[in-house]
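First the structure, in the form of structure tokens, and then the observations on it.
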Amino acid sequence: MTILLLGSGGREHALAWKILQSTKCSKLFVAPGNAGTETIAKNINISPTDFAAIKNFANQEKIDMVVVGPEDPLVAGIYDFFKNDESLKHIPVIGPSKVGAQLEGSKEFAKEFLVKNSIPTAAYGSFTKETLEKGQQFLETLEPPYVLKADGLAAGKGVLIIQDLEEAKTELANMLVGEKFGQASSKVVIEEFLDGIELSCFVLTDGKNYKILPTAKDYKRIGEGDTGLNTGGMGAVSPVPFADTVLLEKIENRIVKPTISGLQKDGIEYKGFIFIGLINVKNEPMVIEYNVRMGDPETEVVIPRLKSDLVELFLAVANEKLDQATLEIDPRSATTIMVVSGGYPEDYEKGKVISGIKSVSDSIVFHAGTKMADGQIVTNGGRVLAVTSYGDNFKEAIQKSYQNIGKLNFDKMYFRKDIGFDL
């Protein structure tokens, strides 16, 4: 098969690495890709949201399957675009329909879906600038800290957690009236704060059947001890040590099953990944959010733990035969540490030459924000590389990643030295 993978991050490099292990893939294109995907596949300079260019390319190269990495093309409706086009409808797209993608595209849609399907989640209210005063009154009914979420896509940065009531009221106005996150915060969801430890559950579904992939936990804050600004994720661990069989059964029965049956009840087409962001509150799992694709950097620990052929699983999804596929998991732990640009998640410089990648051994280096320039690999984003390792337990795996990070170098390189500290 000739496969087209959309995206340019660490998640896409990890997916490309796994897709190419399949005997079913003869050629892989990545649009637009990065310096890592360039060494193993063919990069194509097309934006994942440029549907017209993707159509031309898919027809020209006789693409047999499209795998969608990031959320933007899914929310913009790439699944429906292929399905409704005479020349494309034979090509399966791994990712949900436009309506299904609203689980991530709209926080309000997701909360309504959770409540309607009796899936445990925090109490909430949804507000616009016209109802700003009601939103501020709703804040008064909650205990601190206060959780404010931009309704739309804000690249993982649209959530504020605030201790002070007056500050929360001011920030609500900043989001709704001051357009702090642009269009994404024209509507804001206010939630009660849940106190517990977070983890992520990943599900692959054909809309009827599902397979639960390994659990993972990522670390969002830039600073050690989970301090400082939110990022796209500074590292991840899989499996999550505290996710025992009792908790996993609760997750499957109370969250995964009603999610899949909720999609069926609403007639929502969904052929792809569901990322369920959970919080474990006194051994009771509750949903914080849905994402409609794999997480990043969690992909860099979940996908390396799959022993099964990923393309075979994707074909089973496309043909609605996922119940007939087998999912085999590597029993070892996997960890990944993100190496980022100095200044990230705020201002940072690009174009720094990266050295040492070839001297890494016993770890996998997945590229995120990198590109080739004059024959050298240079930085091209905030999160630059993900160093993934296996171990008999997460501590052993983390140690390997840190040893190998010691071989890497670029100007102002930064990474957290405490991933897994709370486990």
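The values are calculated or read from the model by the stated rules, or taken from the named source; none is laboratory data. Note that the coordinates shown come from a computational prediction; the quantities given were computed from them, not determined experimentally. No Cβ is skipped: glycine too gets one built from the backbone with ideal geometry, and neighbour counts run over all protein chains shown. To get the accessible areas, we keep the full protein, side chains included, count just its heavy atoms, and leave off ligands, DNA and RNA. Shrake-Rupley method; radii C 1.70, N 1.55, O 1.52, S 1.80 Å.
Being of a type in the set (S, T, N, Q) and over 12 Å from residue 187 (Cβ atoms) is the filter here; which residues of region 111-164 pass it? Selection gives 117, 118, 121, 136, 137, 141, 163. Looking at region 346-390, the strands (runs of 3 or more DSSP E) lying wholly inside it that each contain 1 or more residues that are more than 20 Å from residue 229 (Cα to Cα), among the polar types (S, T, N, Q) and open to solvent by 10 Å² or more (accessible area, probe 1.4 Å) sit at 376-379. Each residue in region 13-62 was checked for being over 17 Å from residue 364 (Cβ atoms), open to solvent by 60 Å² or more (accessible area, probe 1.4 Å), in contact with a strand residue (DSSP E or B) (Cβ under 7 Å, 6 or more places away or on another chain) and in a loop (DSSP other than H, G, I, E, B), and 3 of them qualify.
Among all residues of region 211-229, there is at least one that is buried (at least 22 other Cβ atoms within 10 Å of the Cβ), of a type outside the set (A, V, I, L, M, F, W, C), at pLDDT 90 or above and not in a loop (DSSP other than H, G, I, E, B).
If you scan region 94-127, which residues turn out to be part of a helix (DSSP H, G or I), over 22 Å from residue 281 (Cβ atoms) and in contact with a Leu (Cβ under 8 Å, 6 or more places away or on another chain)? Those that are part of a helix (DSSP H, G or I), over 22 Å from residue 281 (Cβ atoms) and in contact with a Leu (Cβ under 8 Å, 6 or more places away or on another chain): 104, 105, 109. Out of everything in region 118-140 that is surrounded by fewer than 17 Cβ atoms within 10 Å (Cβ to Cβ) and over 22 Å from residue 174 (Cβ atoms), what residue ends up being modelled with the lowest pLDDT? Taking the candidates together, the pick is 123.
Let's see how each residue does on (1) touching a strand residue (DSSP E or B) at 6+ places or on another chain (Cβ under 6 Å); (2) open to solvent by less than 20 Å² (accessible area, probe 1.4 Å); (3) at pLDDT below 95:
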position: 254; (1), (2), (3): no, no, no
position: 263; (1), (2), (3): no, yes, no
position: 271; (1), (2), (3): no, no, no
position: 302; (1), (2), (3): yes, yes, no
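On the given criteria, is residue 145 out of contact with any Leu (no Cβ under 7 Å at 6 or more places or on another chain) and in contact (Cβ under 8 Å) with a residue 12 or more places away in the chain? Steps first, please.
On the way: out of contact with any Leu (no Cβ under 7 Å at 6 or more places or on another chain): yes; in contact (Cβ under 8 Å) with a residue 12 or more places away in the chain: yes.
So residue 145 passes the test.
Report yes if residue 74 is buried (at least 21 other Cβ atoms within 10 Å of the Cβ) and over 21 Å from residue 297 (Cα atoms), otherwise no. For residue 74, the condition - buried (at least 21 other Cβ atoms within 10 Å of the Cβ) and over 21 Å from residue 297 (Cα atoms) - is not met.
Which strands (runs of 3 or more DSSP E) does region 230-324 wholly contain that include 2 or more residues that are closer than 21 Å to residue 152 by Cα?
Working: elements: 235-238, 272-281, 284-291.
Correct list: 272-281, 284-291.
When you look at residue 5, is it in contact (Cβ under 8 Å) with a residue 60 or more places away in the chain and more than 22 Å from residue 365 (Cβ to Cβ), yes or no?
Numbers: in contact (Cβ under 8 Å) with a residue 60 or more places away in the chain: yes; more than 22 Å from residue 365 (Cβ to Cβ): no.
Spelling it out, it is not the case that residue 5 is in contact (Cβ under 8 Å) with a residue 60 or more places away in the chain and more than 22 Å from residue 365 (Cβ to Cβ).
Considering only region 146-192, how many residues are assigned to a loop (DSSP other than H, G, I, E, B) and either touching a Phe, Trp or Tyr at 6+ places or on another chain (Cβ under 7 Å) or hydroxyl-bearing (Ser, Thr, Tyr) (or both)? Selection size over region 146-192: 3.
Condition check ((1) over 24 Å from residue 338 (Cβ atoms); (2) in contact with a Lys or Arg (Cβ under 8 Å, 6 or more places away or on another chain); (3) not hydrophobic (A, V, I, L, M, F, W, C)) across all residues:
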{"residue": "244", "(1), (2), (3)": "yes, no, yes"}
{"residue": "266", "(1), (2), (3)": "yes, no, yes"}
{"residue": "273", "(1), (2), (3)": "no, yes, no"}
{"residue": "291", "(1), (2), (3)": "no, no, yes"}
{"residue": "297", "(1), (2), (3)": "no, yes, yes"}
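When the criteria are applied in full, residue 204 fails the requirement of being open to solvent by less than 70 Å² (accessible area, probe 1.4 Å), assigned to a loop (DSSP other than H, G, I, E, B) and within 23 Å of residue 97 (Cα to Cα). The single condition among (1) surrounded by 14 or more Cβ atoms within 10 Å (Cβ to Cβ); (2) hydrophobic (A, V, I, L, M, F, W, C); (3) closer than 28 Å to residue 395 by Cα that residue 246 does not meet is (1).
Every listed requirement among (1) surrounded by 22 or more Cβ atoms within 10 Å (Cβ to Cβ); (2) closer than 23 Å to residue 223 by Cβ is met by residue 311 save one, (2).
When we screen 95, 10 for residues that are within 30 Å of residue 376 (Cα to Cα), in contact with a helix residue (DSSP H, G or I) (Cβ under 6 Å, 6 or more places away or on another chain) and crowded, with 24+ Cβ neighbours inside 10 Å, the only hit is 10.
Yes or no, residue by residue, for (1) surrounded by 21 or more Cβ atoms within 10 Å (Cβ to Cβ); (2) among the basic types (Lys, Arg); (3) under 20 Å from residue 106 (Cβ atoms):
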| site | (1), (2), (3) |
| --- | --- |
| 142 | no, no, no |
| 148 | yes, no, yes |
| 152 | no, no, yes |
| 159 | no, no, yes |
| 166 | no, no, no |
| 169 | no, yes, no |
| 172 | yes, no, yes |
| 176 | yes, no, yes |
| 181 | yes, no, yes |
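Taking first residues from region 353-366 that are in contact (Cβ under 8 Å) with a residue 12 or more places away in the chain and partners that are part of a loop (DSSP other than H, G, I, E, B) and open to solvent by 40 Å² or more (accessible area, probe 1.4 Å), the Cβ contacts under 6 Å between residues at least 6 apart in sequence or on separate chains come to 356/407; 359/407; 360/407.
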